[in-house]
Amino acid sequence: MLGGIAAELRGAIGVLAKRDVQIPARYLSGAAGAALAASAGDAAGAAGSVALPAALGDDCAAIPDGDGYLLLAAEGIWPAFLEGDPRFAGYSAVMVNVSDVYAMGGRPIAVVDVVWGTSAGALEPIWEGMVAASRAYGVPIVGGHTSARSPYNALAVAIAGRARRLITSFAARPGDVLVAAIDLRGEMHAEHPFWNASTGADPARLRGDLEVLPALAEAGLCDAGKDISMGGVAGTLLMLLETSGAGAVLDLEAVPRPRDVPLARWLLAFPSYGFLLSVRPGVAGDVLSAFARRGIASATVGAVDGSRRLTLQAAGERQTLWDLSAEPLTGLAREGAR
């Protein structure tokens with residue numbers, strides 16, 4: 001059973017798509033990134049400013065700003081999703097950016113959009129969805145670009161936020177406990193691998209649930225993690241391990257999931273509220289309690305080690321899903337971990 005699940009996860013588009021990040025990684029990492037940073041510094045110096053450092057591989061760029069960090073992120077929407085369900089795609093474009101900011105221990109400020117459509121009619125449901133999410137999460141849309149004269153439909157949304165203390169992709173350590181927190185009060189999308197626990201929820205509850213993340217960061221209970229993305233739990237964990245230069249054992253049977261969704265399908269689902277955190281063992285109970293108080297399903301689902309391999313565990317079996325020391329995923333790794 002486990003071998004079949006591992007093969008399905010390795011071949012899933014949501015995981016394979018993460019390898020596309022290797023393209024910008026080649027341009028922005030190492031010597032190439034240093035050259036770009038130097039050029040940016042020269043230009044900024046001429047303008048009387050300074051270059052802004054930001055580590056590559058997090059859910060948001062975290063730029064030091066006063067006593068905290070300015071957060072910047074952007075998400076493009078999968079074309080088939082946009083064509084098949086434009087309203088929910090518009091909603092999701094805002095929602096996933098909001099999730100990225102909270103995943104880093106921050107709070108969102110505002111979003112901007114880039115929307116291309118074949119007609120004004122094609123843009124209507126996209127805009128309806130974006131505005132609905134903007135209102136639900138209390139994050140204003142403050143600008144962007146809209147065109148109804150395109151040969152195709154396309155959508156991307158960017159967000160700004162701010163954090164006092166960060167949850168990052170670079171701080172998972174051997175010995176950490178892995179905690180998965182997922183809102184199970186939802187349903188699977190009819191066609192796409194999305195678990196929707198957002199559009200039918202009370203907006204005040206949505207915002208309160210997300211506040212758990214910056215509260216954990218500011219209390220010093222968590223400094224490492226990511227939101228669960230299109231790569232599902234395993235794909236998200238792979239990215240966290242790669243940037244942290246670590247490995248882990250993931251207990252698939254411990255991952256919170258709805259009773260009526262098969263395990264393999266659930267492991268590739270993108271939940272509207274889902275976070276994977278790497279926490280010190282002594283505070284794992286406090287982290288779990290914080291989610292429980294909000295009615296969010298959470299559990300310890302594994303442990304971080306120094307192997308640089310992601311090993312799956314279920315029904316007494318173990319199977320290596322990915323050896324990051326032999327095969328990069330995104331190509332973005334902590335300095336010295338390659």
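The values are calculated or read from the model by the stated rules, or taken from the named source; none is laboratory data. The structure presented is a predicted model; accordingly, all values stated were derived computationally and were not measured. Because the Cβ atoms are built from the backbone with ideal geometry, glycine has one as well, and the counts that use them run over all protein chains shown. Please note that ligands, DNA and RNA were not included when accessible areas were found on the heavy atoms of the full protein model with its side chains. Shrake-Rupley method; radii C 1.70, N 1.55, O 1.52, S 1.80 Å.
Worth pointing out:
- Residues in the stretch 220-248 that are among the charged types (D, E, K, R) and over 22 Å from Ser92 (Cβ atoms): Asp223, Glu242.
- For the stretch 258-293, a residue qualifies if it is assigned to a helix (DSSP H, G or I) and among the hydroxyl-bearing types (Ser, Thr, Tyr), and exactly one does: Ser289.
- Filter result for the condition that a residue is surrounded by fewer than 20 Cβ atoms within 10 Å (Cβ to Cβ), more than 16 Å from Ser99 (Cβ to Cβ) and free of Cβ contacts under 8 Å to residues at least 40 places away in the same chain, over Ala254, Ala264, Ala171, Ala204: Ala204
- Of the residues examined, Glu218 is one that is in contact (Cβ under 8 Å) with a residue 60 or more places away in the chain, charged (D, E, K, R) and open to solvent by 40 Å² or more (accessible area, probe 1.4 Å).
- Any hit, the stretch 176-184, residues being farther than 30 Å from Val249 by Cα and either buried (at least 18 other Cβ atoms within 10 Å of the Cβ) or without any contact (Cβ under 8 Å) to a residue 60 or more places away in the chain (or both): no
- Top-ranked residue in the stretch 3-39 [being open to solvent by 50 Å² or more (accessible area, probe 1.4 Å) and more than 30 Å from Phe270 (Cα to Cα); ranked as modelled with the highest pLDDT]: Gly30
- Some residue of the stretch 301-318 being closer than 19 Å to Arg185 by Cα and in a loop (DSSP other than H, G, I, E, B): no
- Ile126 being in contact (Cβ under 8 Å) with a residue 60 or more places away in the chain and touching a strand residue (DSSP E or B) at 6+ places or on another chain (Cβ under 7 Å): no
- Checking each residue in the stretch 185-211 for being assigned to a helix (DSSP H, G or I) and of a type in the set (A, V, I, L, M, F, W, C) picks out Ala204, Leu206, Leu210.
- Filtering the stretch 267-282 to residues that are aromatic (Phe, Trp, Tyr) and either surrounded by fewer than 24 Cβ atoms within 10 Å (Cβ to Cβ) or closer than 17 Å to Ala93 by Cα (or both) leaves Phe270, Tyr273.
- Among the residues of the stretch 151-168, just one is open to solvent by less than 40 Å² (accessible area, probe 1.4 Å), farther than 26 Å from Ile126 by Cα and not hydrophobic (A, V, I, L, M, F, W, C), namely Thr168.
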